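These notes are about the structure you will find just below.
The values are calculated or read from the model by the stated rules, or taken from the named source; none is laboratory data. Since this is a predicted model, take the numbers as computed values, not measurements. Glycine gets a Cβ as well: all are built from the backbone with ideal geometry, and neighbour counts include every protein chain shown.
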Amino acid sequence: MSNFKQKFDEYRQLIDKSLRNYLDEPCFDEKIVYEAMAYAFTGGGKRIRPLLTLEFCRLCGGNIADALPFACAIEMIHCYSLVHDDLPCMDDDVLRRGKPSCHIAYGEAYALLAGDGLLTLAFETMLKKYDGSAVLPQNAARAALELAKQAGHCGMIGGQTVDIASEGKDIGLDTLKLMHSLKTGALISAACKIGCIIAGADDKKISSAERYAKNIGLAFQITDDVLDAIGNTEQLGKTVGSDENKNKTTFVSLLGVEKSLEQADKLTQKAKGELEIFGEDSEFLCELADYLAKRDK
Ligand code: GRG
């Protein structure tokens, strides 16, 4: 096993365990939304966003334990977005992470509430006081503000809005890039920047982390489009071919598979260039950029 794979798996295990711990026991007998929230956490997510937060924090000299609540908050928001995205009024998908989507398992109303519950739990988790935490209150507030902005109507929700407004229309590459920079890129940006913020890094490092995020975010989405076009449902744990079935404009429909992969590669190289400021210790993030562009799930 290469070092990369080992570190990736260690981070994932830490994140999986911590997510569970941040979800306190339900405060009354009716546990269904609590269970739906726990369900939405589990089932083989790659945990890319929280992993980025932890690694950027470490690279900037911070303590991983201090970044953990923030990393998990980002994953909670990601999980909520997947639950809501799968609802019949959105993408109407029945399979997520190899399991029935949350609304298939718990019904639409509870899935909606579970998504809302995860969104609010994210802010509770970031703003709670943890024994021994060395995070400065101003850095915690800055991180929470960053996540609120990137997840909101000028970020991820904005991307989803562009997506819905584009349905049934022929959109060009610029609109497609805008949509994905918001829908996928905003949360990835938040993840990278927040890792730096928690470690108290300077603005130069935060800006480099943001540019790294923008490039891997777009490469990640291009790969997602390619996987939807030529991947396999079992491997991916979600329905493939859904973009074509829904007549969606994608990088593959505009550029074809080969050119899309070339673009993903260029963006990955650019992302890696942004790591120079972090020194030689940034090898893991270099390999992560490659992994994201070449992944098969
Ligand atoms: C709030 C309804 C609503 C939507 C927000 C982010 C988003 C917009 C919707 C989620 C669905 C989606 C396909 C987004 C594109 C980004 C993407 C490829 C998400 C999947 O992320 P991975 O591959 O998933 O990191 P895992 O399962 O590994 O966590």
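State all residues of region 1-25 that are over 13 Å from Thr42 (Cβ atoms) and not in a helix (DSSP H, G or I); if no residue qualifies, say none.
Met1, Ser2, Asp24, Glu25
Just one of Leu87, Leu119 is in contact with a Phe, Trp or Tyr (Cβ under 7 Å, 6 or more places away or on another chain) and within 14 Å of the ligand (Cβ to nearest atom); which is it?
Values: Leu87 fails: in contact with a Phe, Trp or Tyr (Cβ under 7 Å, 6 or more places away or on another chain).
The unique qualifying residue is Leu119.
Which condition from (1) assigned to a helix (DSSP H, G or I); (2) under 30 Å from Gln138 (Cα atoms) is the one that Val33 breaks?
Condition (2) is where Val33 drops out.
Given the options Cys72, Cys89, name the one that is touching a residue at least 40 places away in the same chain (Cβ under 8 Å) and hydrophobic (A, V, I, L, M, F, W, C).
Numbers: Cys89 fails: touching a residue at least 40 places away in the same chain (Cβ under 8 Å).
Within the list Cys72, Cys89, the selection yields Cys72.
Would you check which residues across region 195-226 are of a type in the set (S, T, N, Q) and under 17 Å from the mean Cα position of the chain (by Cα) and list them? Before you say what the answer is, go through the steps one by one.
Pass one, region 195-226, residues of a type in the set (S, T, N, Q): 207-208, 215, 221, 223.
Result: Asn215, Gln221, Thr223.
On the given criteria, is Ile216 out of contact with any strand residue (DSSP E or B) (no Cβ under 8 Å at 6 or more places or on another chain), buried (at least 20 other Cβ atoms within 10 Å of the Cβ), in contact (Cβ under 8 Å) with a residue 60 or more places away in the chain and not polar (S, T, N, Q)?
On the way: out of contact with any strand residue (DSSP E or B) (no Cβ under 8 Å at 6 or more places or on another chain): yes; buried (at least 20 other Cβ atoms within 10 Å of the Cβ): yes; in contact (Cβ under 8 Å) with a residue 60 or more places away in the chain: yes; not polar (S, T, N, Q): yes.
Yes; evaluated as a whole, the condition is true for this residue.
I'd like the full set of residues that are assigned to a helix (DSSP H, G or I), near the ligand (Cβ under 10 Å from one of its atoms) and in contact with a Leu (Cβ under 9 Å, 6 or more places away or on another chain), limited to region 179-220.
Just the residues of region 179-220 that are assigned to a helix (DSSP H, G or I), to begin with: 179-183, 185-198, 203-220.
Checking which are near the ligand (Cβ under 10 Å from one of its atoms) leaves us with 179-180, 182-183, 185-188, 217, 220.
Residues satisfying the conditions are His180, Gly185, Leu187, Ile188, Gly217, Phe220.
Sort out which residues of region 90-105 are buried (at least 22 other Cβ atoms within 10 Å of the Cβ) and within 9 Å of the ligand (Cβ to nearest atom), and write them in order of number. If you could, list the steps in order and put the result at the bottom.
Let us first name the residues in region 90-105 that are buried (at least 22 other Cβ atoms within 10 Å of the Cβ), namely 96, 101-103.
The answer is Arg96, and nothing else.
List pairs: first residue in region 38-52 and within 7 Å of the ligand (Cβ to nearest atom), second residue aromatic (Phe, Trp, Tyr) anywhere in the structure, Cβ distance under 6 angstrom, at least six positions apart or on different chains.
none
Examine region 149-158 for a residue that is outside any helix (DSSP H, G or I), more than 16 Å from the ligand (Cβ to nearest atom), without any contact (Cβ under 8 Å) to a residue 24 or more places away in the chain and closer than 25 Å to Phe41 by Cα, and state whether such a residue exists.
Just the residues of region 149-158 that are outside any helix (DSSP H, G or I), to begin with: 152-155.
In the following step, the residues that additionally are more than 16 Å from the ligand (Cβ to nearest atom) were identified as none.
Scanning region 149-158 turns up no residue that is outside any helix (DSSP H, G or I), more than 16 Å from the ligand (Cβ to nearest atom), without any contact (Cβ under 8 Å) to a residue 24 or more places away in the chain and closer than 25 Å to Phe41 by Cα.
Can you confirm whether Asp16 is buried (at least 22 other Cβ atoms within 10 Å of the Cβ), without any contact (Cβ under 8 Å) to a residue 40 or more places away in the chain and either within 12 Å of the ligand (Cβ to nearest atom) or not hydroxyl-bearing (Ser, Thr, Tyr) (or both)? Spell out the reasoning first.
On the way: buried (at least 22 other Cβ atoms within 10 Å of the Cβ): no; without any contact (Cβ under 8 Å) to a residue 40 or more places away in the chain: yes; either within 12 Å of the ligand (Cβ to nearest atom) or not hydroxyl-bearing (Ser, Thr, Tyr) (or both): yes.
Here the answer is no, as Asp16 does not meet what is asked.
Considering only region 133-148, state which residues are exposed (fewer than 15 other Cβ atoms within 10 Å of the Cβ) and either touching a residue at least 12 places away in the same chain (Cβ under 8 Å) or touching an Asp or Glu at 6+ places or on another chain (Cβ under 6 Å) (or both). Steps first, answer last, please.
Here is the first cut: in region 133-148, the ones exposed (fewer than 15 other Cβ atoms within 10 Å of the Cβ) are 134, 136-138, 141, 145.
Selection gives Ala134, Leu136.
Name every residue in region 122-136 that is over 19 Å from Asp203 (Cβ atoms) and away from the ligand (no atom under 16 Å from the Cβ), in order of residue number. First the steps, then the outcome.
Within region 122-136, the subset over 19 Å from Asp203 (Cβ atoms) is 122-134.
Residues satisfying the conditions are Glu124, Thr125, Met126, Leu127, Lys128, Lys129, Tyr130, Asp131, Gly132, Ser133, Ala134.
I want to confirm something. Restricting to region 78-91 and keeping residues that are at pLDDT 95 or above and charged (D, E, K, R), which single residue is farthest from the chain's Cα centre (by Cα)?
Asp86
Can you go through Glu55, Glu108, Glu75 and tell me which one is modelled with pLDDT of 95 or more, buried (at least 16 other Cβ atoms within 10 Å of the Cβ) and more than 10 Å from the ligand (Cβ to nearest atom)? Even if it seems obvious, please write down each step before you answer.
Values: Glu108 fails: buried (at least 16 other Cβ atoms within 10 Å of the Cβ); Glu75 fails: more than 10 Å from the ligand (Cβ to nearest atom).
One residue alone meets the criteria, Glu55.
Quick one: would you say Val240 is part of a helix (DSSP H, G or I), free of Cβ contacts under 8 Å to residues at least 40 places away in the same chain and under 23 Å from Ser166 (Cα atoms)? First the steps, then the outcome.
Values: part of a helix (DSSP H, G or I): no; free of Cβ contacts under 8 Å to residues at least 40 places away in the same chain: yes; under 23 Å from Ser166 (Cα atoms): yes.
No: the conditions fail for Val240.
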